[in-house]
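Worksheet: the structure to be examined is printed underneath.
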There are 2 protein chains.
Amino acid sequence: MSKLTDLPKRILIGRALRSDRLGETLLPKRIALPVFASDPLSSVAYAPGEVLLVLSVAGASAYHYSPWITLAIVALMVTVVASYRQTVHAYPGGGGAYEVATTNLGQKAGLSVASALLVDYVLTVAVSVASGVENLGSALPFAVQHKVLFSLVVIGLLALMNLRGVKESGTLFAIPTYAFVGGVIVMVLWGGFRGIVMGDVMRAPTADYQIKAEHAGLAGIALIFLLLRAFSSGCAALTGVEAISNGVPAFRKPKSKNAAATLSLMGVLAIVMFVGIMILAMTTKVRMAENPATDLLINGKPAGDGYTQNPVIAQVAEAVFGGGSFPFIFLAAATALVLFLAANTAYNGFPVLGSILAQDRYLPRQLHTRGDRLAFSNGIVLLALLAGALVYAFGADSTKLIQLYIVGVFVSFTFSQGGMVKHWNRHLAAETDPAARRRMHRARAINAFGMVFSALVLVVVLLTKFTHGAYVAVIGMVAWYAVMTSIRRHYDRVSEEIAAEEEGVGDETVRPSRVHSIVLVSKIHKPTLRALSYAKLMRSSGTLEALSVNVDTAETKLLQDEWERRGIDVPLKILDSPYREVTRPVIDYVKGLRKESPRDAVSVYIPEYVVGHWYEHLLHNQSALRLKGRLLFTPGVMVTSVPWQLDSSEAARKRARKRAEWSAPGAVRRGPVTPPKKEKAAKK
Amino acid sequence: MSKLTDLPKRILIGRALRSDRLGETLLPKRIALPVFASDPLSSVAYAPGEVLLVLSVAGASAYHYSPWITLAIVALMVTVVASYRQTVHAYPGGGGAYEVATTNLGQKAGLSVASALLVDYVLTVAVSVASGVENLGSALPFAVQHKVLFSLVVIGLLALMNLRGVKESGTLFAIPTYAFVGGVIVMVLWGGFRGIVMGDVMRAPTADYQIKAEHAGLAGIALIFLLLRAFSSGCAALTGVEAISNGVPAFRKPKSKNAAATLSLMGVLAIVMFVGIMILAMTTKVRMAENPATDLLINGKPAGDGYTQNPVIAQVAEAVFGGGSFPFIFLAAATALVLFLAANTAYNGFPVLGSILAQDRYLPRQLHTRGDRLAFSNGIVLLALLAGALVYAFGADSTKLIQLYIVGVFVSFTFSQGGMVKHWNRHLAAETDPAARRRMHRARAINAFGMVFSALVLVVVLLTKFTHGAYVAVIGMVAWYAVMTSIRRHYDRVSEEIAAEEEGVGDETVRPSRVHSIVLVSKIHKPTLRALSYAKLMRSSGTLEALSVNVDTAETKLLQDEWERRGIDVPLKILDSPYREVTRPVIDYVKGLRKESPRDAVSVYIPEYVVGHWYEHLLHNQSALRLKGRLLFTPGVMVTSVPWQLDSSEAARKRARKRAEWSAPGAVRRGPVTPPKKEKAAKK
């Protein structure tokens, strides 16, 4: 399989570069922040707009509710950050939501979280890329005019980068993240200075537009529902907060303390940026509509299909710095970059989660191998395909994609905090030291509050967003859940089937008494001679014969003559094949042997060519492979490949060696490999 | 590979039915005629229209040249049939154009013919299906309004039928072919009767239409060129004539005589039908235009895009029998059926030619195996894809596709007749009996005339059709030629590389002195125990140890404990793997062993699961397969798979058994398997 897909892959992604294993370097806080926080910090680039969008349904007058919504979101942020600080301290080995939920709430809860996270990774890519392209579009209109294409290209490029096994460096993350954070903070400060000190009136490009309210004068339950919807849209600002809690092992010591400090810093920055942008958006009178083509009125007329609604952050920057100015373009570029970086983190996280799930046998076992290139590649390609499909289906519209996003985030928040509550309960039962008990009581209170708040938000999100697209995410989670449970069931069934009996029972079914060895021969050449000499070395008990199928009488005659002339001391048996087949006569012969002496095993030696290029596979070994496939179904048969390396195989060998030296994406954020013993202990 | 593609295939084509091997039944002439002649006879369904189409370029007045063109085509038919009668006598073992050309003119000529034939098979499918749909459309307008879709569906259905391994019976061919031949002859007779005896004036539906001549009043060289083009279009009637000469072994004895008689009968029928249709077309004033939308005038106005130009045979039938009458619909259905049957013959012929080419190592060797389902399947799918692509690209327009068709036919005619001339030259040099020499002289004269005539037609076709589409066919041929020569070069290079030295030279590189056996162990279960017991049986010289890679310290500890508890008498070696990899540590260990004692061989036993469903492959064996792939690159290593059949493998075993009992398409027309000795003799 891997052979056949090798060429197109190599053309596209080139040969993997030799890169030294990372993992021995631990991250200082100033690098850990950008590495883990590009995803949560970047969400302030789209969250404010989503709040205004939803409010606009009730007309621009509804915008005056936005401070309250901002406050609610800030409260939620504080809660979530505080909750995760507890997790970071309790799970210094990396407390991913899946592990916390599994350990404390059981397999089903864990699996639900895992399903939510897998869906979330896909949406992180889709939303971040779509939003990145929209932000890029505020400075480069061309990008947003072809945003589906642009988004697909970015998703593809990220996949290629990760397939190549890019060496991740902290700097790669640090520059755009700090540029973005710095840019936003400078914008907030400069905007405040201009507004308050200089008394400038700054106006967003959309300040003079009117909004046609779909439901003007909304009140009562309908209004509350709208406000809740606006709030749940704003919750997009919280996505990615849990990243640090997964990455504790990558921090310098004291790991938990540094991670908690980084988490707090991230929370403060996110809140400052979010609040700052919201205040500026209000001050500069940014107008956003859910359907700008019809509901945004320019001089009383609908904006029409050609109108592109720029993100809030871009409109605010235009108001503060002036459109086309250097800081405006700088911020647009930094925003787009940090969003793409956020998408990139999903490319790292997806295979890592897959490997943990594989360890628990919910996904194919081979994904478990860390640094297994093929497993990573499959994950990367799958992620890119799913994200690409979503982007395509939703027209790369970040607003539409966000409807799907928030469900999964709050599923994992809720389960993870719930798991923490259980964790503290368990520890409290064993702890006697009053000071420690006090600390635990406080931590439990924080986590309990976090759980309740997250669960409430989850209910609100499901209620207000289900029909707007959240159902897609729910379907995705159910599908993942179903697939993973059936994989686990399969493994359990097989493991039961192959379990070894205790000594003495059923052993005779396993132990044959003699071996009948057969070497398959088509011509006398070096591969055949090698197979013969190996088979002779291995002959200890039983018989050895060479076997050839007569598909061409003249050639068979030549073979027999040469066999005699060379005096090869192994009897040559010829099978007739009137239909010029190879497989069937051999299978029938082997079955005959087995029938004659059912207690003996049969060992079949097949000389095999080792080739260097995928197309050479089409030219060699096909009959051998097919025969082998059929032989494996015959009980009591073992099949030995005796390889003959053709000269061309050298190329493939080099390729394989290079591939083995590949370093997996996301190495930085996972930290060094902890000795398996310790890791296990931390997990259980 | 075959596993992964198994499910979709099974859904689509179901399980192959058990069908008894054919091949023991020989064909009487009355069945051989429809089996081999559906292709050439069906071409009279489209050839007459092509002649009129081209003539219409010079206006309807040019139609009066059509008798001369008909005459030329009849003369060509007589020549070709007479030539192939010689071939049938000279090559009773089946004188396909490829074999005749290769034997007499050398490999390059043979390969050129083979390239032409491979392209022709694709075009047979494309042209026959497109024309069949057009004929169907004369009675069922719906079909021709969606002709691309309809054609693709028919191509797909034919492919599925052949993939299933339909049991071909003579009757299947006989009914539509005789219905078609009978229908056309009844039409010709009834038309003659009505016209001559009853004096009816029969008028085709297009009789009153005018043709806007693209080049009115054409004269001189331009006119001659147009007539030549009309002639070469009409030569489409000759496609498929060579089928009988390929199928001589399928005839009853005396094979050659019966085949020659069938060939003559086919020639007579084809000529009668072709001439009859042309005469009726003239009498009923059928009007055909190359671009009916613009060049066909109805009441002085262009017919427009909505107009469907029905085939000549359908228009004539409407004039003779009346539109919508039973005989009219019967003939339309029979015509469509016989054309689809003609397409079906290509599905048989393509893999058979592939098998012959594979024997000469121009195509992958495994295609050589007759009745090898996979080889056939690949051929069938490839053929369907190529034909489908052509049909799609040319809008299922039989007129456009025919431009590509005739080149290949005449390439093979010319080379085949040329080969026959050489054949007679060679035999004449050795023959002394005057009567025999006389016969040979006559045969050589016929073949020489055939060669010259065919070559002339080939030149005419190339000159008049190259820019109309024939270049596509030429590119196709060149591509096949290039692929086949490079495959042959590859095989020759490899065969040189692996040629065994004569005794005593270089033998020590092949013969190792001892074997170091390694059994890979992950857990103690039945598959592992079986592998261990097999390995112990095979241990004759050298050492044996079990090897496990430590990816999880806790699990490894359990393994070691159980190993000791069970008292397994094979030492267990644990390799450390800090990156949780399996492949690299094993490879490094094996390489280390080889370095220590380079003259020893290493034998690695891998317990392998045999599973029943493709998706189970994703869940098992992946690490083992990858490891195996890498081990094969290491010289001096052999790899033994010790299979463990899971319960689910029973399903796959049954499937494999059924697949083995599948009978290849085209069995009837290839006749019974001749004993390899005889076949070889006939070929050389």
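The values are calculated or read from the model by the stated rules, or taken from the named source; none is laboratory data. This structure is a prediction, so every number in the text was calculated from the model and none was measured. All Cβ positions, even for glycine, are placed from backbone atoms using ideal geometry, and neighbour counts span all protein chains on display.
Tabulated data
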| read-out | value |
| --- | --- |
| Flag if A:Leu218 is of a type in the set (A, V, I, L, M) and under 24 Å from A:Ser42 (Cα atoms) | no |
| Residue in the range B:473-482 that is within 14 Å of chain A (Cβ to nearest Cβ) and over 30 Å from B:Gln145 (Cα atoms) present | yes |
| Some residue of the range B:300-309 being free of Cβ contacts under 8 Å to residues at least 60 places away in the same chain and under 30 Å from B:Val35 (Cα atoms) | no |
| Condition met for A:Ile196 (loosely packed, with under 15 Cβ neighbours inside 10 Å and more than 38 Å from the chain's Cα centre (by Cα)) | yes |
| Those residues of the range B:632-657 which are more than 8 Å from every other protein chain (Cβ to nearest Cβ) and under 30 Å from B:His516 (Cβ atoms), in sequence order | B:Thr634, B:Gly636 |
| Unique residue being assigned to a helix (DSSP H, G or I) and surrounded by fewer than 16 Cβ atoms within 10 Å (Cβ to Cβ) when the list is A:Ala443, A:Ala435 | A:Ala435 |
| Filter result (within 12 Å of chain B (Cβ to nearest Cβ) and not in a helix (DSSP H, G or I)) within the range A:546-560 | A:Val549, A:Asn550, A:Val551, A:Asp552 |
| Any chance B:Leu111 is modelled with pLDDT of 85 or more, under 28 Å from B:Ala126 (Cα atoms) and either over 23 Å from the mean Cα position of the chain (by Cα) or not assigned by TED's automatic domain parsing to the domain that holds B:Leu458 (or both) | no |
| Unmet criterion (only one of (1) part of a helix (DSSP H, G or I); (2) at pLDDT 60 or above) for A:Pro8 | (2) |
| From A:Ile175, A:Ile196, residue being in a helix (DSSP H, G or I), over 22 Å from A:Ala45 (Cα atoms) and in the same structural domain as A:Gly300 (by TED's automatic domain parsing) | A:Ile196 |
| Residue ranges of helices (runs of 4 or more DSSP H) in the range B:66-172 with at least 3 members surrounded by fewer than 18 Cβ atoms within 10 Å (Cβ to Cβ) and either free of Cβ contacts under 8 Å to residues at least 12 places away in the same chain or out of contact with any Gly (no Cβ under 9 Å at 6 or more places or on another chain) (or both) | B:66-90, B:147-164 |
| Extreme residue, modelled with the lowest pLDDT, among residues of the range B:498-520 that are over 27 Å from A:Ser648 (Cβ atoms) and within 9 Å of another protein chain (Cβ to nearest Cβ) | B:Glu503 |
| Residue that is farthest from the other protein chains (Cβ to nearest Cβ) [pool: residues in the range B:561-584 that are assigned to a strand (DSSP E or B) and of a type in the set (A, V, I, L, M)] | B:Leu572 |
| Selection count, the range A:585-623, where residues are surrounded by fewer than 19 Cβ atoms within 10 Å (Cβ to Cβ) and facing another protein chain (nearest Cβ under 8 Å) | 1 |
| Residue in the range A:567-579 that is assigned by TED's automatic domain parsing to the domain that holds A:Val642 and closer than 17 Å to A:Gly629 by Cβ present | no |
| Filtered residue count, the range A:395-420, keeping only those that are touching a residue at least 60 places away in the same chain (Cβ under 8 Å) and closer than 19 Å to A:Leu105 by Cβ | 13 |
| Candidates A:Val407, A:Val338, A:Val391, filtered to the one that is in a helix (DSSP H, G or I) and in contact with a Lys or Arg (Cβ under 8 Å, 6 or more places away or on another chain) | A:Val407 |
| Output for the range B:463-483, where each listed residue is at pLDDT below 90 and not aromatic (Phe, Trp, Tyr) | B:Leu463, B:Thr464, B:Lys465, B:Thr467, B:His468, B:Gly469, B:Ala470 |
| Number of the exception - A:Leu382 against (1) of a type outside the set (Asp, Glu); (2) under 30 Å from A:Glu134 (Cα atoms); (3) outside any helix (DSSP H, G or I) | (3) |
| Residues located in the range A:599-648, provided they are in contact (Cβ under 8 Å) with a residue 40 or more places away in the chain and among the small types (Gly, Ala, Ser) | A:Ala601, A:Ser603, A:Gly612, A:Ser623, A:Ala624, A:Gly636 |
| Some residue of the range B:242-249 being in a helix (DSSP H, G or I) and at pLDDT 85 or above | no |
| B:Asn425 exposed (fewer than 15 other Cβ atoms within 10 Å of the Cβ) and part of a helix (DSSP H, G or I) | yes |
| Failed criterion for B:Asn258 (all others in (1) in a helix (DSSP H, G or I); (2) under 23 Å from B:Val51 (Cβ atoms); (3) of a type in the set (S, T, N, Q) hold) | (2) |
| Scan of the range B:280-322 for residues that are more than 25 Å from B:Val154 (Cα to Cα), part of a loop (DSSP other than H, G, I, E, B) and over 35 Å from the mean Cα position of the chain (by Cα), ordered by number | B:Thr284, B:Lys285, B:Val286, B:Arg287, B:Asn299, B:Gly300, B:Ala303, B:Gly304, B:Gly322 |
| Test: B:Val474 is in contact (Cβ under 8 Å) with a residue 12 or more places away in the chain and crowded, with 21+ Cβ neighbours inside 10 Å | no |
| Any pair with Cβ under 8 angstrom, 6 or more apart, that starts in the range B:524-538 at a residue that is more than 7 Å from chain A (Cβ to nearest Cβ) and closer than 13 Å to B:Thr640 by Cα and ends at one that is in a helix (DSSP H, G or I) and at pLDDT below 85 | none |
| Qualifying residue in the range A:179-198 (condition: under 26 Å from A:Leu386 (Cβ atoms), modelled with pLDDT of 90 or more and not aliphatic (A, V, I, L, M)) | no |
| A:Val611 in contact with a strand residue (DSSP E or B) (Cβ under 8 Å, 6 or more places away or on another chain), assigned by TED's automatic domain parsing to the domain that holds A:Val519 and hydrophobic (A, V, I, L, M, F, W, C) | no |
| Odd one out for A:Met282 among (1) closer than 28 Å to A:Lys400 by Cβ; (2) buried (at least 19 other Cβ atoms within 10 Å of the Cβ) | (2) |
